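The values are calculated or read from the model by the stated rules, or taken from the named source; none is laboratory data. Nothing here was measured: the structure is a model prediction, and the numbers come from that model. Note: ideal-geometry Cβ built from the backbone for every residue, glycine included; neighbour counts use all protein chains shown. The accessibility values were calculated without ligands, DNA or RNA, using every heavy atom of the protein model including side chains. Shrake-Rupley method; radii C 1.70, N 1.55, O 1.52, S 1.80 Å.
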Amino acid sequence: MAMAAPTIRTVASVFGLLLLVFALSSTVIYLVSSSAPAAVSPSSILLNLRPFPARCPPAPPLRVFMYDLPARFHVAMMSANSAAPAPANGSGAEEGSPPPFPAWPPSAGGVRRQHSVEYWMMASLLLQGGGGGAREAVRVRDPEAAEAFFVPFFSSLSFNVHGRNMTDPDTEDDRLLQVELMDILWKSKYWQRSAGRDHVIPMHHPNAFRFLRDMVNASVLIVSDFGRYSKELASLRKDVVAPYVHVVDSFVNDDPSDPFEARPTLLFFRGRTVRKDEGKIRGKLAKILKDKDGVRFEDSLATGDGIKISTEGMRSSKFCLHPAGDTPSSCRLFDAIVSHCIPVIISSRIELPFEDEVDYSEFSLFFSVEEALKPDYLLNQLRQMPKEKWVEMWSKLKNVSSHYEFQYPPRKGDAVNMIWRQVKHKIPAVNLAIHRNRRSKISDWR
């Protein structure tokens with residue numbers, strides 16, 4: 001008995017120390033249930049310790065300095081008569097203040113709206129106050145306090161406004177804007193300090209900034225995919241893949257008692273079937289899928305009436321086909337997401353937005369080009385999916401659809417905030433590159 005006392009005291013000391021450690025780390029200790037015997041050994045208590053992690057405060061928003069560029073680089077390219085202006089702070093503009101930030105014109109739909117990510121990012125930085133912890137980025141007036149620098153050049157809109165095609169003489173206006181912009185940036189000590197690495201430049205349209213892209217290859221680019229970018233210019237290592245702005249209306253009241261039966265069409269596609277590059281698969285799919293039972297496969301343009309028909313079609317279909325366009329991605333995927341129509345993605349090279357946070361396999365189906373072109377293979381796979389599995393994927397799709405909404409003012413977890421969060425994720429690597437470049441004598445030595 002004399003030898004047992006030190007052992008008990010030792011166990012008691014260790015147990016007390018463990019309690020102190022758990023308390024200091026903000027954990028909760030759960031003891032055995034009240035139904036357990038009154039005499040509980042220290043060892044049995046230790047086995048029932050279950051740590052409960054402390055809640056960390058939300059990360060502060062990214063501090064962004066926005067260049068004060070003349071309006072010709074951004075809002076002047078929007079039609080002034082298309083919509084009443086909307087003040088950037090959501091209230092009336094004061095006398096003598098700058099003109100209010102204009103609302104996106106309802107008439108500027110189609111391809112201009114699809115690639116309007118640049119507009120929504122700029123609007124989010126102009127928001128005065130509000131948003132609280134929902135904001136992933138805030139504007140700072142002092143560039144020395146900034147973690148990133150936003151360049152508000154509407155490069156996608158510039159491509160669409162200045163000329164109707166790649167050879168139109170009016171594209172010279174787009175080129176001159178790019179030349180003038182680069183002159184402004186080169187003279188900025190903040191661009192010089194980092195060689196543009198901490199600068200964020202929206203380039204969402206595949207042809208945006210096409211004349212001087214190589215001059216911004218170190219910057220954080222906001223792109224739709226990498227289909228028309230060389231590996232030297234753009235990559236997931238430094239750039240952000242952003243969703244298209246959907247052109248169909250969001251399906252707000254999608255709460256039927258039986259969602260599976262509420263969507264009688266098996267597979268829906270509506271869009272242009274004659275495309276370039278990877279998009280050539282659309283014509284091949286048309287020959288395989290058109291007129292098949294349960295399939296709506298229609299050739300159309302993204303006009304006003306066409307968008308209405310697409311809205312109805314996606315809302316009444318279980319699956320929505322997403323083959324590549326001229327590049328691996330297209331707006332159709334995001335139209336399907338906000339319509340809660342399970343995407344069927346056919347591409348071997350597609351990159352998807354927010355994929356470090358969103359698992360697309362939970363609410364989308366993926367097929368290689370070779371699989372999709374096998375006669376009846378695709379439709380057989382869709383028909384064999386159990387109803388319970390489809391409902392599970394549909395529910396998850398509804399839950400993530402808010403991540404693809406562009407709106408003003410922005411809301412927590414919406415598309416703009418998700419994009420800014422992705423930019424924030426790039427900053428450590430950006431700082432590493434900047435710091436290494438300052439002391440390295442040999443460029444890219446490792």
*asked:* If residue 191 satisfies all but one of (1) of a type in the set (Phe, Trp, Tyr); (2) in contact with a helix residue (DSSP H, G or I) (Cβ under 6 Å, 6 or more places away or on another chain); (3) surrounded by fewer than 16 Cβ atoms within 10 Å (Cβ to Cβ), what's the number of the condition it fails?
replied: (3)
*asked:* Suppose we filter the stretch 158-217 for residues that are under 22 Å from residue 232 (Cα atoms) and of a type in the set (Phe, Trp, Tyr); how many remain?
replied: 4
*Considering only residues that are without any contact (Cβ under 8 Å) to a residue 60 or more places away in the chain and in contact with a strand residue (DSSP E or B) (Cβ under 8 Å, 6 or more places away or on another chain), look in the stretch 203-218 and name the one that is surrounded by the fewest Cβ atoms within 10 Å (Cβ to Cβ).*
216
*Among 223, 248, which is the only one that is over 25 Å from residue 387 (Cα atoms), at pLDDT 95 or above and of a type outside the set (Asp, Glu)?*
223
*Test residue 389 against the stated conditions and say whether it is at pLDDT 95 or above, surrounded by fewer than 12 Cβ atoms within 10 Å (Cβ to Cβ) and either in a helix (DSSP H, G or I) or at positive phi (or both).*
yes
*Name every residue in the stretch 244-264 that is open to solvent by 80 Å² or more (accessible area, probe 1.4 Å) and either under 30 Å from residue 147 (Cα atoms) or of a type in the set (Asp, Glu) (or both), in order of residue number.*
249, 255, 261
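In this structure, is residue 370 modelled with pLDDT under 95, in a helix (DSSP H, G or I) and of a type in the set (D, E, K, R)?
Details: modelled with pLDDT under 95: yes; in a helix (DSSP H, G or I): yes; of a type in the set (D, E, K, R): yes.
Spelling it out, residue 370 is indeed modelled with pLDDT under 95, in a helix (DSSP H, G or I) and of a type in the set (D, E, K, R).
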*asked:* Looking at the stretch 227-243, can you tell me whether even one residue there is open to solvent by 20 Å² or more (accessible area, probe 1.4 Å) and either touching a His at 6+ places or on another chain (Cβ under 8 Å) or under 30 Å from residue 293 (Cα atoms) (or both)?
replied: no
*Provide a single number: the residues in the stretch 313-341 that are open to solvent by 10 Å² or more (accessible area, probe 1.4 Å) and in a strand (DSSP E or B).*
1
*asked:* For the list (1) within 25 Å of the chain's Cα centre (by Cα); (2) in a helix (DSSP H, G or I), I need the number of the one condition that residue 225 fails.
replied: (2)
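Go through the stretch 367-379 and give me each residue that's open to solvent by less than 10 Å² (accessible area, probe 1.4 Å) and in contact with a Phe, Trp or Tyr (Cβ under 7 Å, 6 or more places away or on another chain).
Just the residues of the stretch 367-379 that are open to solvent by less than 10 Å² (accessible area, probe 1.4 Å), to begin with: 372, 378-379.
Hit for the stretch 367-379 is 378, nothing else.
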*Working only within the stretch 357-366, note down all residues that are open to solvent by 20 Å² or more (accessible area, probe 1.4 Å) and either without any contact (Cβ under 8 Å) to a residue 12 or more places away in the chain or not aliphatic (A, V, I, L, M) (or both).*
357, 359, 361, 362, 366
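So for the stretch 394-405 (the condition being under 29 Å from the mean Cα position of the chain (by Cα), surrounded by 14 or more Cβ atoms within 10 Å (Cβ to Cβ) and small (Gly, Ala, Ser)), does at least one residue qualify?
Kept after step one, since they are under 29 Å from the mean Cα position of the chain (by Cα), are these residues of the stretch 394-405: 394-405.
Next cut, surrounded by 14 or more Cβ atoms within 10 Å (Cβ to Cβ) only: 394, 396-398, 400-405.
Then keep just the ones that are small (Gly, Ala, Ser); that gives 401-402.
The answer is yes, given that some residue of the stretch 394-405 is under 29 Å from the mean Cα position of the chain (by Cα), surrounded by 14 or more Cβ atoms within 10 Å (Cβ to Cβ) and small (Gly, Ala, Ser).
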*Out of (1) at pLDDT 95 or above; (2) more than 20 Å from residue 260 (Cα to Cα); (3) under 16 Å from the mean Cα position of the chain (by Cα), the odd one out for residue 329 is which?*
(1)
*Pair list, Cβ < 6 Å and 6+ apart or interchain, from the stretch 125-145 residues that are open to solvent by 30 Å² or more (accessible area, probe 1.4 Å) to residues that are β-branched (Val, Ile, Thr) and at pLDDT 95 or above*: 139/64
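Could you tell me whether any residue of the stretch 287-305 is farther than 23 Å from residue 374 by Cβ, touching an Asp or Glu at 6+ places or on another chain (Cβ under 7 Å) and outside any helix (DSSP H, G or I)? Spell out how you get there, then give the answer.
If we filter the stretch 287-305 for residues that are farther than 23 Å from residue 374 by Cβ, which is where we start, we get 300-305.
Okay, now just the ones that are also touching an Asp or Glu at 6+ places or on another chain (Cβ under 7 Å), so none.
For the stretch 287-305, residues farther than 23 Å from residue 374 by Cβ, touching an Asp or Glu at 6+ places or on another chain (Cβ under 7 Å) and outside any helix (DSSP H, G or I): absent.
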*Boolean, residue 429 is modelled with pLDDT under 95 and in contact with a helix residue (DSSP H, G or I) (Cβ under 8 Å, 6 or more places away or on another chain)*: no
